[in-house]
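This report concerns only the one structure given below.
What follows is calculated from the coordinates using simple rules that are stated; it is not laboratory data. Predicted model, so just to flag it, every value in this text is computed and none were measured. In this analysis, Cβ positions are derived from the backbone assuming ideal geometry, glycine residues included, and neighbour counts consider all displayed protein chains.
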Amino acid sequence: MAFLSNNPQLSQNGELQHLLTIEGLNAGMLRHILDTAESFVGVSERDVKKVPLLRGKAIFNLFFEPSTRTRTTFEIAAKRLSADVFNLNISASSQSKGETVLDTVDNLAAMQADMFIVRHAQSGAAHFIARHVAPHIHVINAGDGRHAHPTQGLLDMYTIRHYKKEFHNLRVAIVGDVLHSRVARSQIHALTTLGVPEVRVIAPKTLLPAQVERMGVQVYHDMKQGLKDVDVVIMLRLQNERMRGALLPSAQEYFKSYGLTQEKLALAKPDAIVMHPGPMNRGVEIDSNVADGKQSVILPQVTFGIAVRMAVMSILAGN
Amino acid sequence: MAFLSNNPQLSQNGELQHLLTIEGLNAGMLRHILDTAESFVGVSERDVKKVPLLRGKAIFNLFFEPSTRTRTTFEIAAKRLSADVFNLNISASSQSKGETVLDTVDNLAAMQADMFIVRHAQSGAAHFIARHVAPHIHVINAGDGRHAHPTQGLLDMYTIRHYKKEFHNLRVAIVGDVLHSRVARSQIHALTTLGVPEVRVIAPKTLLPAQVERMGVQVYHDMKQGLKDVDVVIMLRLQNERMRGALLPSAQEYFKSYGLTQEKLALAKPDAIVMHPGPMNRGVEIDSNVADGKQSVILPQVTFGIAVRMAVMSILAGN
Amino acid sequence: MAFLSNNPQLSQNGELQHLLTIEGLNAGMLRHILDTAESFVGVSERDVKKVPLLRGKAIFNLFFEPSTRTRTTFEIAAKRLSADVFNLNISASSQSKGETVLDTVDNLAAMQADMFIVRHAQSGAAHFIARHVAPHIHVINAGDGRHAHPTQGLLDMYTIRHYKKEFHNLRVAIVGDVLHSRVARSQIHALTTLGVPEVRVIAPKTLLPAQVERMGVQVYHDMKQGLKDVDVVIMLRLQNERMRGALLPSAQEYFKSYGLTQEKLALAKPDAIVMHPGPMNRGVEIDSNVADGKQSVILPQVTFGIAVRMAVMSILAGN
């Protein structure tokens with residue numbers, strides 16, 4: 001297991017110590033997380049939506065970049081596990097008061113933190129913190145720069161498994177701004193690890209990373225070709241700043257070429273599901289008819305996301 | 001009961017599904033809320049200020065317009081009922097990221113929200129959300145534009161009943177900026193529904209809605225005439241922007257004509273009570289002597305407000 | 001005990017009613033707080049970091065000046081005592097809406113608050129509030145202007161006692177911006193009250209209050225002389241605004257003269273401990289080697305700070 005020790009999120013005996021990225025997690029580990037999440041889906045449907053698993057634990061939402069939505073999902077998951085949650089929005093301005101990120105983390109650790117949920121605009125921030133903290137403290141990456149957003153990737157896998165049962169017979173298309181997406185990378189790794197034989201990315205050249213084929217995906221620039229006979233369509237959010245930038249002609253042009261409409265979706269398998277990590281830009285990357293249509297599983301993704309975050313927290317706290 | 005189904009806050013069998021406005025609630029419903037609140041007043045006086053009625057419920061303070069005070073009263077009420085509370089301040093700037101209000105609401109609903117406390121600068125926002133959500137989710141309007149702020153109206157009724165026992169023999173004066181008040185409208189509806197025979201509004205013409213008489217009130221422009229022999233004086237907050245606007249000559253002038261002083265209050269009945277929804281502009285709409293005087297029940301209003309909000313939440317969650 | 005009644009933080013029978021400043025607390029009272037804190041250190045090390053002592057109590061973090069770090073320490077302490085915590089950041093802008101500080105406090109008191117943790121930029125704000133509230137409500141000063149920050153002073157005493165066991169045989173040096181520090185004043189009072197025979201302050205003249213000698217300290221302007229044979233070195237934070245101001249030539253110059261390096265620390269006793277209230281300016285008042293070195297007890301200070309705040313809250317709530 002020597003090779004595992006190079007991965008900061010796994011302990012020396014291969015247990016999940018932090019969740020930083022889906023890269024490096026094997027299929028068994030991914031399945032264990034999904035199975036654990038399955039047991040938590042029911043908790044949120046109960047009258048009393050709580051289990052005492054993390055009672056008295058101190059979980060810190062350490063957000064160096066604001067994200068009300070992501071922060072809320074982790075806060076809900078933690079409170080359903082009965083943990084105490086502390087929200088810290090650490091803006092660039094407060095950081096300019098001179099304290100380093102590691103001093104902030106050390107101080108919170110000295111207050112007997114059990115877990116940090118880290119969101120940061122810079123890639124690698126959660127890794128940096130994870131490498132620094134004492135072994136009894138767990139770090140979850142809630143999005144770092146363009147790099148990773150592993151709980152989003154995991155909830156996507158949960159959703160696919162929920163609707164499609166198996167991975168080994170699927171054709172999955174990821175459509176849109178793969179280049180700037182912290183989600184796409186996580187998804188591609190998870191899909192290939194779980195045995196999906198055909199992962200496609202559909203995007204204009206300007207929104208694809210260099211040598212994306214090396215990640216084991218097939219590249220399409222034409223949506224009609226790319227969506228042909230797929231089982232799962234994963235739409236990516238097009239960030240506003242891209243629309244205003246030089247990479248794209250206009251939101252209207254983008255929608256025409258890469259926005260998901262009922263007409264384009266008809267090229268996929270009849271029972272194909274449509275996913276989106278949210279928040280959606282209706283009329284830019286996805287048509288409202290599709291977003292609210294019967295193939296859309298966008299809201300179930302959100303529901304499963306709570307269960308997946310509860311699963312990750314409880315697995316980490318148990319290790 | 002067919003006529004009730006036109007009111008989005010009542011279920012088909014006439015039960016309270018949402019609390020959006022006092023309009024449309026009959027006297028029986030209002031009394032039921034006040035009676036329930038009475039049973040909660042004691043909880044806040046206990047050593048352990050909590051009952052487990054809403055344990056494990058997820059209540060979201062969905063504030064599209066900031067209001068620390070209002071948010072705090074709902075947060076206190078929810079925590080005293082043992083619910084889990086999530087505070088979301090959704091500024092105009094975050095909404096500009098492209099997600100619609102309904103997408104935000106759908107996402108939170110998918111996280112298994114049980115209740116939304118909605119504050120929004122636009123009239124009708126809470127109605128809009130209530131019409132959209134699934135039947136098991138309850139919406140409380142915590143203030144929408146100039147329209148309604150029903151829990152404030154209810155706590156005012158609770159306060160009046162607490163001090164005056166009955167409604168059918170009362171003369172009540174509402175003084176000040178009726179035009180821009182989200183509270184005055186709720187109060188007038190509640191008072192007339194509960195059988196108050198004489199409701200007066202006292203204000204300059206510029207601060208009265210057109211055809212206010214149609215709401216069943218008597219209009220006075222002179223405070224000394226209007227306060228004569230009343231049992232209850234409800235002062236309204238004069239918002240700063242009005243003072244700076246063209247509607248009023250100056251804060252000093254306003255105080256002289258419509259500010260409540262001991263001298264003017266002496267024209268009311270000797271046991272008249274003085275109410276104010278807060279926050280007060282001392283020296284503008286109310287003199288400090290009166291605000292802190294022995295006829296003032298302004299702070300008891302705040303205390304009863306917690307009990308009333310607990311009552312509304314527990315009634316909604318029980319339906 | 002008549003003299004005690006002049007101190008707003010002590011009740012007529014000499015019990016702690018509020019914690020506003022260390023001034024006026026006798027050695028017995030200080031030792032009682034430290035002893036109580038000792039019993040709470042263990043709580044934070046447990047698997048379930050909670051005791052039910054303040055269950056159902058409503059504790060308000062009333063921050064008129066933002067301080068994420070200080071707010072968090074009180075929030076953690078309160079939640080470990082099972083209290084309900086409400087965070088209110090009351091910016092200058094919201095205060096400009098016309099409500100006075102005392103009206104805000106009265107309103108929260110009417111919501112059955114049990115305790116206010118007050119942070120304010122103006123000296124005396126917490127005293128002002130404490131003098132105003134009803135006897136069953138307790139106020140803790142979490143920093144007021146340059147004046148006091150008593151829980152910081154208490155956690156420093158706890159830390160010194162933890163490592164040095166006794167106070168009566170110690171030489172303690174406080175180094176840096178004594179003039180603008182809300183902490184230094186609290187520390188000097190506590191140290192002299194607990195019987196430390198020799199308290200030194202080391203600073204340039206521009207960063208010392210007039211007639212600081214009257215507080216019972218020895219003044220040094222040269223760090224090498226001042227640190228000679230001390231048991232405890234307390235470094236103060238140099239605030240950025242001082243560095244940019246006219247009081248100091250430059251951060252580099254300051255570090256050369258008053259920054260703590262290994263070389264200067266070698267002049268203290270070999271087992272001297274190094275303390276800092278945080279957040280640190282590494283390379284300005286303290287060298288990273290020292291901050292992270294084996295004589296540093298800066299992170300244990302943070303840990304003890306939670307226990308001290310739990311102790312103060314539980315003592316106040318019990319009185």
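For this structure, a couple of remarks:
- Over chain B: helical MRE at 222 nm, DSSP H runs n ≥ 4 each giving -39500 (n - 2.57), nearest 500: -11000 deg cm²/dmol
- Across chain C, the fraction of Cα-Cα pairs farther apart than 24 Å, rounded to a whole number, is 53%.
- Cut-off of 10 Å, at most 14 other beta carbons, DSSP loop: longest stretch of chain A lacking such GluC sites (Glu not before Pro): A:167-319
- By other beta-carbon atoms within 10 Å, ranking B:THR36, B:THR261 with the fewest at the front produces B:THR261, B:THR36.
- Cβ-vector label at 7 Å, A:LYS165, separations to other copies in nm: 7.2, 7.2
- Local electrostatic count at B:VAL183 - Lys and Arg +1, Asp and Glu -1, tallied over other residues with Cβ under 11 Å: +2
- Acute angle (nearest 10 degrees) that the helix C:68-80 long axis makes with the longest principal axis of chain C, alpha-carbon atoms: 50 degrees
- For B:ALA291, net neighbour charge (Lys/Arg +1, Asp/Glu -1) across residues whose Cβ lies under 13 Å away: -3
- Evaluating 6.51 cos²θ - 1.76 cosθ + 1.60 at θ = phi - 60° for every residue in the range B:135-148, the Karplus couplings come out as x, 7, 9, 10, 10, 10, 7, 9, x, 10, x, 8, 6, 9 Hz, glycine and proline recorded as x.
- Dipole magnitude of the range C:150-298, debye to nearest 20 (Cβ charges: Lys/Arg +1, Asp/Glu -1, about Cα centre): 140 debye
- Among beta bridges that DSSP assigns inside the protein assembly as shown, antiparallel share in %, nearest 5: 5 percent
- Near A:LEU260, once Lys and Arg are set to +1 and Asp and Glu to -1 for all other residues with Cβ below 13 Å from its Cβ, the sum equals +1.
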